[in-house]
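The structure appears below as structure tokens.
Just so it is clear, none of the values below were taken in a lab; they were calculated from the coordinates. Note that this is a predicted model, so its numbers are computed, not measured. Cβ sites come from the backbone with ideal geometry, for glycine too, and all protein chains shown count toward neighbours.
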Amino acid sequence: MRRHGTTRHHGTTRQRATSRRRGNETGWTGTARRAPARAAALLAAALLATWLVPAPPAAAEPELLSQGKPVRVSAVENNDPELVAKHAVDGSLATRWASHHEDPSWIWVDLQVKADVRRIRIDWEAAHSTAYTIDVSDDAATWTTLATVDPADGGTDVLDVSGRGRYVRMFGITRNGIAGHSLWEFQVFGTPVPEKPKKTEPTEKPEQEEPEQEPAPEQESPAPPPATEAPAPPSPSPTERPVPEREGPPGSVVYYVVKKKQDGNPEKIEGIADRFLGDAERWPEIVDLTEGHRQPDGRFLADPHKLRPGWVLRLPEDAVGKGVRFGLLPGYEPSPSPSPSPSPSLAAPESAEAESSELTSAVGAVLGPVLLAVGGLLVLAGLVLAAVRLGRTLRERRRDRTPFDDSVLRTDTSAAWTVDHALRALIAACERDGLDVPGVTGVFIEGSTLRLRLTNPASVGPEPWAVSEDGQSWMAPLSKLQAAPVSDGSTAQFARLVNLGMSETGRVLVDFSLARGVVSLDGSVRARHEVLRRWLGEFTGNPWSGEPRVVMVGDGLPRPDQVEHVSGFDQVKQEMEVGDGGVLVLSQPPSSADKDFLAERFADPAFGWVVIVLGSWSAAKWRFTARDDGWLRSGFLPHVRYDEQAAVRRGSD
């Protein structure tokens, strides 16, 4: 220690001597002498400050602000109550919101307080946005963009953002297929901004305070002054507003029918809230109560700022004012049951009983055998009629249970050749011009033109394809496609393209691989079996189809030799984990566990199965209804004739 101290001292002495000599030469000897001491003092102060001054607290983790809050959307797919806006903020990954099949589409959530927004999480359904923005607003009218995601690939997006506002919006610019924009959950994380205390006028303080002095009851609750002297009181809060007593049938609620204003436009929801609730900011309460109620025109309340005259809005119980009604919501009134007719009295007057007793005995002796014979004939006729009806019912049930044709191959070979040639001409044209072959959601043969609906917009197409203004469609004359050179390359990307039938404008084909979920086929047994046979023929018989595996699960299905048949879904589950995919047909909707299994599989982009459920299932991604009159209906495609016997073609030139 001593040697170390001596050495350090000697070194310091030499440094000082050198500095002194240099200082004499340059004129800063005093500064050089004081510099080491000053530096040491500053270093000691800094170390002491780090010990004494506490470290700043870590930034608080942003909290989930959006769950269960009011939410609005541009539209709801097919006005389906199971796809409404509130499912996007209910905290469940088993429910979702889906828009109409259109761009753009949006969803915003009202946090109900201004907040510093820090993070956004979106769990997308298979039909996701490929480009979207995250925006904030203070009034749901003027928006500021916090983030832009382009391209977006679905799945789960977690975005770190920074902004302040009460309303947070996902604005979907483009979508990945022919379906809409759909998400399981839209979550907003952040920190509420504390409200600034309202400034109040200082009250006069008494000259001498007397603590512990109890005020007189009369002064604590003074009687209200005359109306002429008191200022207009502020509107009471919803909890303070009195609820008027009303009379109505069981199940009655408070509601209002939207009217037109003098300028011809429908009323605004803010004005309705202000008029009947005393506060325009309470309009989300009206929307929450009304959401899910089908309006007279068949629509649902999706955008509260686009009301229609005649729509019915359910109001909170404290709503008062001219026009407020109390009763059963229109469209939900039960039909009155007819009152039973009084039973006729069978008792004879006592005065006539004695007089008619002898006559009754005589008539009974004569008519008894006759009535007995007539009664027997009536009973026999009733039995015969019941047997006829029973036989007819059994025949109808047997006819519905038994498919009228077990043939699986129902492919229109001429149409298949036309489409196959066009697809190969498309591939050859893209190879020639060095373009990527676009993804195709649908093919439409409209008169002498073939139109492709693309999965993603493409503004440049090879000759002879013309591009639509929005880039979503490519069109070419059939005559040029038939004369164009074709490619010998693979058409595997179109393997699940299926001809549905003829619409009013022409033939309609759709790519089932883009459903990314279960497809349901409803209708009578006869109709849906016929459509199923045609679909299976398309899946297996088209030139571009390849040789997919087809598995049918359950009873009551057509049993062609070309497909596999198993009794339960568990028998094929393990095989659906890997492989090239195929077509799976279920005779009934999957169980809850099977539904979760399929949802996990479809979330994997490499999963290549098409799953079809026979019957109505609201959780299906695509839903078709086959009618006995030959029409196939869906919510996202034009109605088509699956039997093609009475197809109407407009503009076929």
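Quick notes
- The stretch between Leu435 and Ser634, if pulled fully straight at 0.36 nm per residue, gains 68.3 nm over its current Cα-Cα span.
- Estimated at 0.36 nm per residue, the fully extended path between Lys261 and Arg246 surpasses their Cα-Cα distance by 2.6 nm.
- Each residue of region 110-123 is assigned a 3J(HN,Hα), and the resulting list reads 8, 6, 6, 9, 6, 9, 7, 7, 10, 8, 10, 10, 10, 9 Hz, derived from the Karplus form 6.51 cos²θ - 1.76 cosθ + 1.60 (θ = phi - 60°), x at Gly and Pro.
- Sequence-ordered 3J(HN,Hα) estimates for region 133-142 from the Karplus curve with 6.51, -1.76 and 1.60 and θ = phi - 60° stand at 10, 10, 10, 10, 7, 9, 9, 6, 10, 9 Hz, glycine and proline given as x.
- Inter-label distance for Ser618 and Glu281, nm, one decimal - labels placed 7 Å from Cα along Cα-to-Cβ: 3.5
- Residue among Leu481, Gln493, Thr540 farthest towards the positive dipole end of region 407-552, charges placed on Cβ: Thr540
- For Arg507, the amide hydrogen comes within under 5 Å of the amide hydrogens of Ile445, Gly447, counting only partners 5 or more places away or on other chains and with H modelled in the peptide plane.
- Estimated distance in nm for a label pair at Ala140 and Asp274, the labels positioned 7 Å out from Cα along Cα-to-Cβ: 1.5
- Computed lengthening from Glu504 to Thr449, 0.36 nm per intervening residue step minus Cα-Cα distance: 18.4 nm
- Efficiency of FRET between Asp150 and Ala606 - r from beta-carbon atoms, R0 35 angstrom, step 0.05: 0.90
- Under 5 Å from the amide H of Trp609 lie the amide H atoms of Gly582, each residue being 5 or more positions distant or on a separate chain, with H modelled from the backbone and absent for Pro and chain starts.
- Computed label-point distance, nm, for sites Lys306 and Val566 using a 7 Å Cα→Cβ extension: 4.5
- Pairs from the list Lys69/Lys322; Lys69/Lys268; Lys86/Lys259; Lys261/Lys322; Lys86/Lys261; Lys69/Lys261 with a Cα-Cα gap above 23 Å: Lys69/Lys322; Lys86/Lys259; Lys86/Lys261; Lys69/Lys261.
- Distant-in-sequence amide contacts of Gly630, defined by a placed amide H-H separation under 5 Å and a gap of 5 or more residues or a different chain, comprise nothing.
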